[in-house]
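Values in this text are rule-based calculations from the coordinates and carry no lab data. Not measured: the values here are computed from a predicted model. Cβ: placed from backbone, ideal geometry, glycine included. Neighbour counts: every protein chain shown.
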């Protein structure tokens, strides 16, 4: 029986031909390869899904060497990079048994969770696995190519076509560098779901929320480890939302949430800017900024369409939903969507995100700052940033966009930071977050109106449609009519947190 921690990268391949191409690539010329092993696995749980509810997956796999039981638990996965506890034991029969793991912590846990309840098969997987045993430059890894199916008990099935890179020895950053080298040559996307999660969804079962979405910061924990946990959780959100956009680019929220998750990750990165080497930090921020910027036009058009709908409801017939402006917005949105979706579907973001993930694991800390305590630094920075915003609000002219915009950005960054750290915040900080929501609605509205009036004019620049120009003028008037009220509210804004 073994008790290792499994650390692996997972990618979705586009075609079986890619497997052959990668196997014959010069990156792996001198590496040992093992072809064509069929693996048949069955996953188990109780009727009321006790194992799943406790973030435990129990699998029995049939290989050429015989039957093996595997338990994976405590998923601390940053999605795409899976880090899990794993236990394996040889068995003789295809029946669930906690006894085969007796003497290990997971054996005790299995007995506590399952008790005397009946454990039944949930779903199966069957796939052909081809392996590269990689050993070079201090890295030992197993690169597995899986092609096959996930099979539900009711006959439903889903294809498996993926590449997994599992760390056996060496550092995570070397594994990430290898992943970056492969994905730069062969376009692919991060796999954000394990075979277990895919099987659960195919079977109609709910996937339990893992601990990775609930970051736990220990009392007295250092900034280095605490902020890394937070950044990994934020990186996970980026990958999930990137996948959501690829599947549903037409959905307004898929674009919005992807941009928000990128900005939240950027806010966490900026939080440690004074403590890390400047050049790698700047490269990461530029990568993430470019990533978010590619979605900007779609988001602007979505916001404009939403505002038009609100204006139409209050315009007493001056605007209507069968409008020339909405038609133009839809056309431009679709063109932008198709362009960005094609770009993202090409896999161009995968090696870039791997470089970001590598930085998260090793941001090149400046040694003298290595022992700062996470909690005290968070408290200090939140108070410092709030004070700066409060001071600015007392002096700026709300009618001067050049003065308002920097304060808006300061507030936005602090708000993103508080949102992503919400589970760690104290009551006054939670109140501050609520205050910042209100402040951003005001300052954001002021800045958006000032910027979008010229944008509205540009939309009609090449059109002779009287109807379109009338609607653009009405929209501009609708926006400007709200500006004075926003100025007054922003001028009198007060923090309570």
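At a glance:
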item	result
Cβ crowding within 10 Å averaged over residues, with 60-71, 263-274 ranked highest first	263-274, 60-71
Largest-first principal axis extents, alpha carbons of segment 220-372, Å	65, 34, 23
Diffusion constant of the chain at 20 °C, which comes from Stokes-Einstein with the Kirkwood Cα-pair radius and 1.002 mPa s, µm²/s	83 µm²/s
Translational D in µm²/s for segment 5-214 (Stokes-Einstein at 4 °C, 1.567 mPa s, Kirkwood Rh from C-alpha pairs)	72 µm²/s
Packing-based ranking, highest mean first, of 15-23, 147-155, 416-424 given that Cβ atoms within 10 Å are counted	416-424, 147-155, 15-23
Theoretical gain in end-to-end length, residue 434 to residue 181 [0.36 nm per residue, Cα-Cα removed]	86.7 nm
C-alpha long axis of helix 466-491 to longest principal axis of the chain, angle in °	90 degrees
Over the chain, relative contact order from alpha-carbon pairs under 8 Å, at least 6 apart, %	14 percent
Between 0 and 90°, nearest 10: helix 427-459 axis offset from the chain longest Cα axis	60 degrees
Cα-based helix-to-principal-axis angle, 278-293 vs the chain, degrees rounded to 10	70 degrees
Dimensionless Rg/Rh of segment 373-497 - Kirkwood Rh, Rg from C-alpha atoms	1.11
Point-to-point label distance, residue 392-residue 488, nm (Cα→Cβ direction, 7 Å offset)	2.5 nm
